[in-house]
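Single-structure report; data block below.
The values are calculated or read from the model by the stated rules, or taken from the named source; none is laboratory data. Predicted model, so just to flag it, every value in this text is computed and none were measured. In this analysis, Cβ positions are derived from the backbone assuming ideal geometry, glycine residues included, and neighbour counts consider all displayed protein chains. We work out accessible area using only protein heavy atoms, side chains counted, and drop any ligands, DNA or RNA first. Shrake-Rupley method; radii C 1.70, N 1.55, O 1.52, S 1.80 Å.
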Amino acid sequence: MRLPLVAAMISVLVSGSAHAVNVYDDNGTQLNVFGRLEGGFYNKQANRTRDHNQKSKASVEGEARLGVSASSTLVTNIKAVAFGEWEVSSESSDNDRFDTRYAYTGFDLCQYGTLVFGQGDTARYITVGMNDVFEHYGDNSNSYWELGGRQEGQIMYVNAVGGYTFGFSYQTPRDNMATHLHRDTLMVQDLDVNAGYAAAMAYNWQDGLLESLAFSLSYDWYDFHKSPAGDRHGFSAGLSYGHLNDGIYTSFVYSRDKYQREEHHMSGFEGVLGYTMDNGLGATLGYGYYGYENRKREVSEITSQVAYHFSPAFMTYFEGRFGLGRVDFPVEETSQHASYMINVQYNF
(Lines give C-alpha, C1' and ligand atoms only; values in the text may rest on other atoms or scores of the structure.)
Protein backbone atom coordinates (compact mmCIF):
# COMPACT_ATOMS: atom_id res chain seq x y z
CA MET A 1 0.00 0.00 0.00
CA ARG A 2 1.79 3.12 -1.23
CA LEU A 3 0.68 5.62 1.39
CA PRO A 4 2.74 8.29 3.16
CA LEU A 5 3.22 7.22 6.77
CA VAL A 6 0.78 9.84 8.13
CA ALA A 7 -2.02 8.57 5.90
CA ALA A 8 -1.22 4.98 6.82
CA MET A 9 -1.58 5.80 10.53
CA ILE A 10 -5.07 7.14 9.93
CA SER A 11 -6.14 3.97 8.12
CA VAL A 12 -4.96 1.86 11.08
CA LEU A 13 -7.28 3.81 13.40
CA VAL A 14 -10.23 1.84 12.03
CA SER A 15 -8.98 -1.17 10.10
CA GLY A 16 -5.99 -2.34 12.14
CA SER A 17 -3.28 -4.38 10.42
CA ALA A 18 -2.83 -4.66 6.66
CA HIS A 19 -2.68 -8.43 7.26
CA ALA A 20 -5.99 -8.60 9.17
CA VAL A 21 -8.14 -11.64 8.47
CA ASN A 22 -11.85 -11.07 7.97
CA VAL A 23 -13.68 -13.66 10.09
CA TYR A 24 -17.21 -12.28 9.82
CA ASP A 25 -18.91 -10.10 7.19
CA ASP A 26 -22.67 -10.04 7.00
CA ASN A 27 -25.43 -7.46 6.80
CA GLY A 28 -23.14 -4.46 7.31
CA THR A 29 -21.14 -5.95 10.18
CA GLN A 30 -17.46 -6.91 9.88
CA LEU A 31 -15.03 -8.51 12.33
CA ASN A 32 -11.29 -8.73 11.64
CA VAL A 33 -8.58 -10.51 13.61
CA PHE A 34 -4.89 -9.66 13.36
CA GLY A 35 -1.68 -10.06 15.29
CA ARG A 36 1.97 -10.98 15.25
CA LEU A 37 4.30 -13.58 16.71
CA GLU A 38 7.96 -12.78 17.29
CA GLY A 39 10.99 -14.44 18.73
CA GLY A 40 14.72 -13.94 18.72
CA PHE A 41 17.95 -13.18 20.53
CA TYR A 42 18.19 -10.20 22.91
CA ASN A 43 21.49 -9.10 24.39
CA LYS A 44 21.76 -8.41 28.13
CA GLN A 45 21.00 -4.69 27.88
CA ALA A 46 17.98 -5.29 25.63
CA ASN A 47 16.59 -7.76 28.17
CA ARG A 48 17.05 -5.20 30.96
CA THR A 49 14.93 -2.80 28.92
CA ARG A 50 12.24 -5.44 28.62
CA ASP A 51 12.05 -6.69 32.21
CA HIS A 52 13.98 -4.15 34.38
CA ASN A 53 15.86 -7.09 35.92
CA GLN A 54 19.47 -6.08 36.54
CA LYS A 55 20.49 -9.75 36.74
CA SER A 56 19.10 -10.66 33.32
CA LYS A 57 21.37 -12.22 30.71
CA ALA A 58 21.41 -12.47 26.94
CA SER A 59 18.78 -14.99 25.85
CA VAL A 60 16.18 -16.00 23.30
CA GLU A 61 12.81 -14.42 24.06
CA GLY A 62 9.38 -14.31 22.45
CA GLU A 63 6.29 -12.14 22.39
CA ALA A 64 2.87 -12.14 20.78
CA ARG A 65 0.22 -9.59 19.89
CA LEU A 66 -3.45 -10.20 19.18
CA GLY A 67 -5.95 -7.65 17.95
CA VAL A 68 -9.53 -7.35 16.78
CA SER A 69 -11.33 -4.63 14.84
CA ALA A 70 -15.04 -4.48 14.18
CA SER A 71 -17.51 -2.22 12.42
CA SER A 72 -21.26 -2.21 12.00
CA THR A 73 -23.40 0.09 9.87
CA LEU A 74 -25.84 2.10 11.96
CA VAL A 75 -27.32 4.38 9.32
CA THR A 76 -26.09 5.61 5.95
CA ASN A 77 -22.52 6.94 6.25
CA ILE A 78 -22.29 6.21 10.00
CA LYS A 79 -20.67 3.08 11.43
CA ALA A 80 -20.02 1.88 14.94
CA VAL A 81 -16.34 0.84 15.23
CA ALA A 82 -14.29 -0.95 17.86
CA PHE A 83 -10.59 -1.76 18.07
CA GLY A 84 -8.43 -3.64 20.57
CA GLU A 85 -4.87 -4.94 20.67
CA TRP A 86 -3.03 -6.81 23.43
CA GLU A 87 0.56 -7.92 23.88
CA VAL A 88 2.21 -10.60 25.99
CA SER A 89 5.94 -11.27 26.32
CA SER A 90 7.65 -14.48 27.29
CA GLU A 91 7.34 -15.78 30.83
CA SER A 92 10.93 -14.83 31.70
CA SER A 93 10.14 -11.10 31.44
CA ASP A 94 8.04 -8.89 33.71
CA ASN A 95 5.36 -8.77 31.02
CA ASP A 96 4.22 -12.37 31.37
CA ARG A 97 0.64 -11.12 31.22
CA PHE A 98 -1.48 -9.45 28.57
CA ASP A 99 -0.92 -5.70 28.40
CA THR A 100 -3.45 -3.54 26.61
CA ARG A 101 -2.01 -1.48 23.76
CA TYR A 102 -5.27 -0.18 22.28
CA ALA A 103 -8.87 -0.42 23.42
CA TYR A 104 -11.44 2.02 22.02
CA THR A 105 -14.86 2.20 20.43
CA GLY A 106 -16.86 4.94 18.74
CA PHE A 107 -18.11 6.13 15.36
CA ASP A 108 -16.82 6.25 11.80
CA LEU A 109 -18.56 9.28 10.29
CA CYS A 110 -17.14 8.72 6.79
CA GLN A 111 -16.11 12.08 5.27
CA TYR A 112 -16.63 13.76 8.66
CA GLY A 113 -13.92 11.73 10.37
CA THR A 114 -13.66 9.15 13.16
CA LEU A 115 -14.59 9.77 16.82
CA VAL A 116 -13.59 7.13 19.37
CA PHE A 117 -13.35 6.75 23.16
CA GLY A 118 -10.86 4.76 25.23
CA GLN A 119 -7.13 3.98 25.06
CA GLY A 120 -5.07 5.02 22.05
CA ASP A 121 -2.56 7.46 20.61
CA THR A 122 -3.01 11.17 21.19
CA ALA A 123 -3.24 13.60 18.29
CA ARG A 124 0.43 14.50 18.75
CA TYR A 125 1.34 11.07 17.39
CA ILE A 126 0.39 12.31 13.91
CA THR A 127 3.68 14.24 14.06
CA VAL A 128 6.01 12.15 16.25
CA GLY A 129 4.80 8.98 14.54
CA MET A 130 6.69 10.02 11.42
CA ASN A 131 9.81 8.68 13.17
CA ASP A 132 8.14 5.69 14.85
CA VAL A 133 9.48 3.33 12.20
CA PHE A 134 11.53 0.87 14.28
CA GLU A 135 10.11 -2.28 15.84
CA HIS A 136 11.30 -1.56 19.38
CA TYR A 137 13.46 1.56 19.63
CA GLY A 138 13.50 5.20 18.57
CA ASP A 139 11.22 6.68 21.26
CA ASN A 140 13.64 8.69 23.42
CA SER A 141 13.86 12.03 21.62
CA ASN A 142 10.68 13.76 22.80
CA SER A 143 8.23 13.82 25.73
CA TYR A 144 5.38 12.12 23.87
CA TRP A 145 6.13 8.69 25.31
CA GLU A 146 6.52 9.91 28.91
CA LEU A 147 2.82 9.27 29.61
CA GLY A 148 2.91 5.93 27.83
CA GLY A 149 2.11 7.04 24.29
CA ARG A 150 -1.13 5.08 24.06
CA GLN A 151 -3.02 6.73 26.91
CA GLU A 152 -6.16 5.61 28.70
CA GLY A 153 -9.33 7.63 29.19
CA GLN A 154 -9.24 9.64 25.99
CA ILE A 155 -11.63 11.14 23.46
CA MET A 156 -9.92 10.94 20.03
CA TYR A 157 -10.94 12.47 16.72
CA VAL A 158 -9.19 12.33 13.35
CA ASN A 159 -10.21 13.29 9.84
CA ALA A 160 -8.42 13.16 6.49
CA VAL A 161 -9.69 15.45 3.72
CA GLY A 162 -7.76 15.48 0.47
CA GLY A 163 -4.12 15.81 1.46
CA TYR A 164 -4.95 17.28 4.89
CA THR A 165 -5.17 15.37 8.15
CA PHE A 166 -6.57 16.89 11.33
CA GLY A 167 -6.51 15.34 14.78
CA PHE A 168 -7.68 16.25 18.27
CA SER A 169 -7.65 14.30 21.53
CA TYR A 170 -8.80 15.09 25.06
CA GLN A 171 -7.44 13.39 28.18
CA THR A 172 -9.77 12.81 31.14
CA PRO A 173 -8.39 12.64 34.74
CA ARG A 174 -5.97 9.81 35.49
CA ASP A 175 -3.79 9.20 38.56
CA ASN A 176 -0.28 7.73 38.44
CA MET A 177 -0.02 7.86 34.66
CA ALA A 178 3.77 8.14 34.81
CA THR A 179 6.75 9.38 36.79
CA HIS A 180 8.81 12.46 35.98
CA LEU A 181 12.32 13.55 36.96
CA HIS A 182 12.17 17.23 37.98
CA ARG A 183 15.28 18.48 36.20
CA ASP A 184 16.05 21.29 38.66
CA THR A 185 15.61 19.36 41.93
CA LEU A 186 16.51 15.90 40.50
CA MET A 187 13.54 14.42 42.39
CA VAL A 188 11.25 11.81 40.84
CA GLN A 189 7.54 12.69 40.98
CA ASP A 190 4.29 10.92 40.16
CA LEU A 191 2.28 12.51 37.37
CA ASP A 192 -1.47 12.70 38.06
CA VAL A 193 -3.32 14.16 35.09
CA ASN A 194 -6.30 16.39 35.82
CA ALA A 195 -6.94 17.14 32.14
CA GLY A 196 -5.11 17.45 28.86
CA TYR A 197 -5.48 17.82 25.14
CA ALA A 198 -3.52 17.51 21.90
CA ALA A 199 -4.10 18.90 18.43
CA ALA A 200 -2.31 18.20 15.15
CA MET A 201 -2.40 19.01 11.47
CA ALA A 202 -0.59 17.34 8.58
CA TYR A 203 -0.48 17.74 4.84
CA ASN A 204 0.58 15.12 2.26
CA TRP A 205 1.48 16.25 -1.23
CA GLN A 206 -0.19 13.70 -3.51
CA ASP A 207 1.06 14.75 -6.97
CA GLY A 208 3.49 17.05 -8.71
CA LEU A 209 7.13 17.60 -7.84
CA LEU A 210 6.46 17.29 -4.09
CA GLU A 211 4.57 13.97 -4.28
CA SER A 212 5.22 11.74 -1.22
CA LEU A 213 6.29 14.72 0.93
CA ALA A 214 4.43 15.22 4.23
CA PHE A 215 4.56 18.01 6.82
CA SER A 216 2.98 18.07 10.28
CA LEU A 217 2.62 20.31 13.35
CA SER A 218 1.25 19.32 16.76
CA TYR A 219 0.81 20.70 20.27
CA ASP A 220 -0.26 19.21 23.59
CA TRP A 221 -0.91 20.49 27.12
CA TYR A 222 -1.42 18.57 30.37
CA ASP A 223 -2.56 19.75 33.78
CA PHE A 224 -0.49 17.85 36.36
CA HIS A 225 -2.34 19.49 39.23
CA LYS A 226 -0.57 17.55 42.02
CA SER A 227 2.94 17.61 40.61
CA PRO A 228 5.55 20.17 41.74
CA ALA A 229 6.69 20.33 38.10
CA GLY A 230 3.41 21.98 37.10
CA ASP A 231 1.62 21.87 33.75
CA ARG A 232 3.42 20.65 30.61
CA HIS A 233 3.33 22.21 27.16
CA GLY A 234 4.76 20.32 24.18
CA PHE A 235 5.27 21.21 20.53
CA SER A 236 6.45 19.06 17.62
CA ALA A 237 7.10 19.66 13.92
CA GLY A 238 7.83 16.92 11.44
CA LEU A 239 8.74 16.41 7.80
CA SER A 240 8.83 13.11 5.91
CA TYR A 241 9.33 11.88 2.38
CA GLY A 242 8.65 8.53 0.75
CA HIS A 243 6.86 5.33 1.69
CA LEU A 244 7.87 3.10 4.58
CA ASN A 245 9.19 -0.33 3.45
CA ASP A 246 8.81 0.69 -0.21
CA GLY A 247 11.86 2.43 -1.64
CA ILE A 248 13.24 5.46 0.18
CA TYR A 249 11.80 6.83 3.41
CA THR A 250 13.23 9.71 5.41
CA SER A 251 11.86 11.90 8.19
CA PHE A 252 12.86 14.51 10.74
CA VAL A 253 10.95 15.55 13.89
CA TYR A 254 11.79 18.43 16.25
CA SER A 255 10.15 18.75 19.67
CA ARG A 256 10.24 21.35 22.45
CA ASP A 257 8.67 20.83 25.88
CA LYS A 258 8.31 22.92 29.03
CA TYR A 259 7.16 22.08 32.54
CA GLN A 260 5.65 25.12 34.25
CA ARG A 261 7.87 25.02 37.35
CA GLU A 262 11.09 23.91 35.71
CA GLU A 263 13.48 26.69 34.78
CA HIS A 264 14.33 25.61 31.24
CA HIS A 265 12.84 23.91 28.20
CA MET A 266 13.60 20.42 26.94
CA SER A 267 14.34 20.10 23.24
CA GLY A 268 14.93 17.09 21.07
CA PHE A 269 15.20 15.98 17.49
CA GLU A 270 15.38 12.72 15.58
CA GLY A 271 16.17 11.99 11.96
CA VAL A 272 15.53 8.73 10.10
CA LEU A 273 16.75 7.53 6.71
CA GLY A 274 15.84 4.16 5.24
CA TYR A 275 15.64 2.31 1.95
CA THR A 276 13.88 -0.96 1.09
CA MET A 277 14.68 -2.72 -2.18
CA ASP A 278 12.22 -4.60 -4.37
CA ASN A 279 13.62 -7.93 -3.13
CA GLY A 280 12.53 -7.12 0.45
CA LEU A 281 15.91 -6.18 1.89
CA GLY A 282 15.91 -2.87 3.72
CA ALA A 283 18.04 -0.80 6.10
CA THR A 284 17.08 2.13 8.33
CA LEU A 285 19.31 4.43 10.36
CA GLY A 286 18.21 7.04 12.89
CA TYR A 287 19.83 9.54 15.23
CA GLY A 288 18.09 10.99 18.30
CA TYR A 289 18.97 13.75 20.75
CA TYR A 290 17.11 15.04 23.81
CA GLY A 291 18.49 17.64 26.21
CA TYR A 292 17.66 20.18 28.90
CA GLU A 293 17.92 23.67 27.36
CA ASN A 294 20.60 22.33 24.99
CA ARG A 295 23.08 22.35 27.88
CA LYS A 296 22.69 18.93 29.47
CA ARG A 297 21.92 16.05 27.17
CA GLU A 298 19.93 13.07 28.37
CA VAL A 299 19.84 11.15 25.09
CA SER A 300 22.32 10.99 22.24
CA GLU A 301 22.00 7.74 20.36
CA ILE A 302 21.94 5.97 17.03
CA THR A 303 19.18 3.48 16.19
CA SER A 304 19.61 1.05 13.30
CA GLN A 305 17.70 -1.76 11.66
CA VAL A 306 18.46 -4.19 8.84
CA ALA A 307 15.47 -6.27 7.76
CA TYR A 308 14.60 -8.83 5.11
CA HIS A 309 10.97 -9.42 4.16
CA PHE A 310 10.57 -12.97 2.88
CA SER A 311 6.92 -12.12 2.25
CA PRO A 312 4.50 -9.35 3.30
CA ALA A 313 3.77 -11.38 6.44
CA PHE A 314 7.18 -12.80 7.42
CA MET A 315 10.43 -10.95 8.12
CA THR A 316 13.70 -11.23 10.01
CA TYR A 317 15.60 -8.23 11.31
CA PHE A 318 18.48 -6.91 13.36
CA GLU A 319 17.76 -3.80 15.45
CA GLY A 320 20.03 -1.92 17.83
CA ARG A 321 20.26 1.22 19.93
CA PHE A 322 23.75 2.59 20.55
CA GLY A 323 24.54 5.46 22.91
CA LEU A 324 27.13 7.99 21.79
CA GLY A 325 29.59 8.45 24.64
CA ARG A 326 28.41 9.39 28.12
CA VAL A 327 25.35 11.40 29.03
CA ASP A 328 25.85 14.67 30.91
CA PHE A 329 22.58 14.72 32.87
CA PRO A 330 21.36 13.86 35.44
CA VAL A 331 24.35 11.68 36.39
CA GLU A 332 27.60 12.59 34.66
CA GLU A 333 29.18 9.14 34.86
CA THR A 334 26.26 7.14 33.46
CA SER A 335 27.26 5.28 30.28
CA GLN A 336 24.77 4.71 27.47
CA HIS A 337 24.87 0.98 26.80
CA ALA A 338 24.22 -0.78 23.49
CA SER A 339 20.98 -2.76 23.19
CA TYR A 340 20.33 -5.01 20.23
CA MET A 341 18.26 -7.97 19.06
CA ILE A 342 18.00 -10.38 16.14
CA ASN A 343 14.39 -11.41 15.60
CA VAL A 344 12.02 -13.22 13.26
CA GLN A 345 8.46 -11.93 13.01
CA TYR A 346 5.24 -13.31 11.51
CA ASN A 347 2.22 -11.02 10.99
CA PHE A 348 -1.36 -12.11 10.37
Once the other residues with Cβ under 10 Å from the Cβ of MET177 are scored (Lys, Arg +1; Asp, Glu -1), what is the net sum? -4
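Would you mind working out the magnitude of the charge dipole of the chain relative to its Cα centre, with +1 at each Lys and Arg C-beta and -1 at each Asp and Glu C-beta, to the nearest 20 Debye?
Roughly 220 debye, rounded to the nearest 20.
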Gain in length, VAL88 to ILE155, computed as 0.36 nm per residue apart minus the alpha-carbon separation, to one decimal in nm? 21.5 nm
Mind checking which of GLY113, GLY320, GLY163 has the largest fluctuation in a GNM of the chain, springs on alpha carbons under 10 Å? GLY163
Which value, in debye to the nearest 20, gives the size of the charge dipole of the range 279-330 about its Cα centre, when Lys and Arg are +1 and Asp and Glu are -1 at the Cβ? 120 debye
Per DSSP helix of 4 or more residues, -39500 (n - 2.57); summed, then divided by the residues of the chain. What does that give at 222 nm, rounded to the nearest 500? -1500 deg cm²/dmol
For a Förster distance of 25 Å, can you work out the FRET efficiency between the beta-carbons of MET277 and PHE322, rounded to the nearest 0.05? 0.55
Once the convex hull of the alpha carbons of the chain is built, what does its volume come to per residue, in cubic angstrom? 138 Å³
Taking R0 as 25 Å, what's the FRET efficiency between LEU209 and CYS110 from their Cβ-Cβ distance, rounded to 0.05? 0.20
Counting only protein heavy atoms and leaving out ligands, DNA and RNA, the solvent-accessible surface of THR29 at a 1.4 Å probe, in Å² to the nearest 10, equals 40 Å²
Please give the charge dipole size of the range 240-348, origin at the Cα centre, charges +1 on K and R Cβ atoms and -1 on D and E Cβ atoms. Round to the nearest 20 debye. 80 debye
Along the range 307-318, what does the Karplus equation 6.51 cos²θ - 1.76 cosθ + 1.60 (θ = phi - 60°) give for ³J(HN,Hα), rounded to whole Hz, x for Gly and Pro? 10, 10, 8, 5, 7, x, 9, 10, 8, 10, 7, 10
Low-density loop GluC sites (Glu not before Pro), the range 237-322, at most 14 other Cβ within 10 Å, DSSP non-H/G/I/E/B, are GLU263, GLU293
Could you check how much of the accessible area of the chain is carbon and sulfur, as a whole percent, using a 1.4 Å probe? 57 percent
Once phi is turned into θ = phi - 60°, what whole-Hz ³J(HN,Hα) does the Karplus curve with 6.51, -1.76 and 1.60 give for every residue of the range 219-230, x standing for Gly and Pro? 8, 9, 9, 9, 9, 8, 5, 9, 8, x, 6, x
Which residue, TRP86, ALA202, THR76, has the largest displacement toward the positive end of the dipole of the chain when charges sit on each Cβ (Lys, Arg +1; Asp, Glu -1)? ALA202
Can you compute the FRET efficiency between ASN194 and VAL21 using 1/(1 + (r/R0)^6), with r the Cβ-Cβ distance and R0 = 45 Å? Round to the nearest 0.05. 0.60
For the chain, what does the accessible surface come to per residue with a 1.4 Å probe? Please give it in Å². 48 Å²
Rank ARG174, ARG150 by accessible area, highest first, at a 1.4 Å probe radius? ARG174, ARG150
At 0.36 nm per residue, minus the direct Cα-Cα distance, what do PHE166 and ALA313 gain on full extension? Give it in nm, one decimal, please. 49.9 nm
Less than 11 Å Cβ to Cβ from GLY118, Lys/Arg counted +1 and Asp/Glu -1: what total charge do the surrounding residues give? 0
Under the Karplus relation 6.51 cos²θ - 1.76 cosθ + 1.60, θ = phi - 60°, what is the ordered set of whole-Hz ³J(HN,Hα) values for the range 258-269, x standing for Gly and Pro? 9, 8, 3, 9, 9, 5, 10, 7, 9, 9, x, 8
Taking LYS57 as the anchor, which lysines have their alpha carbon closer than 17 Å to its alpha carbon, excluding any fewer than eight residues away along the same chain? LYS44
Lysines within cross-link reach of LYS296: Cα-Cα under 22 Å, excluding same-chain residues under 8 positions apart? LYS258
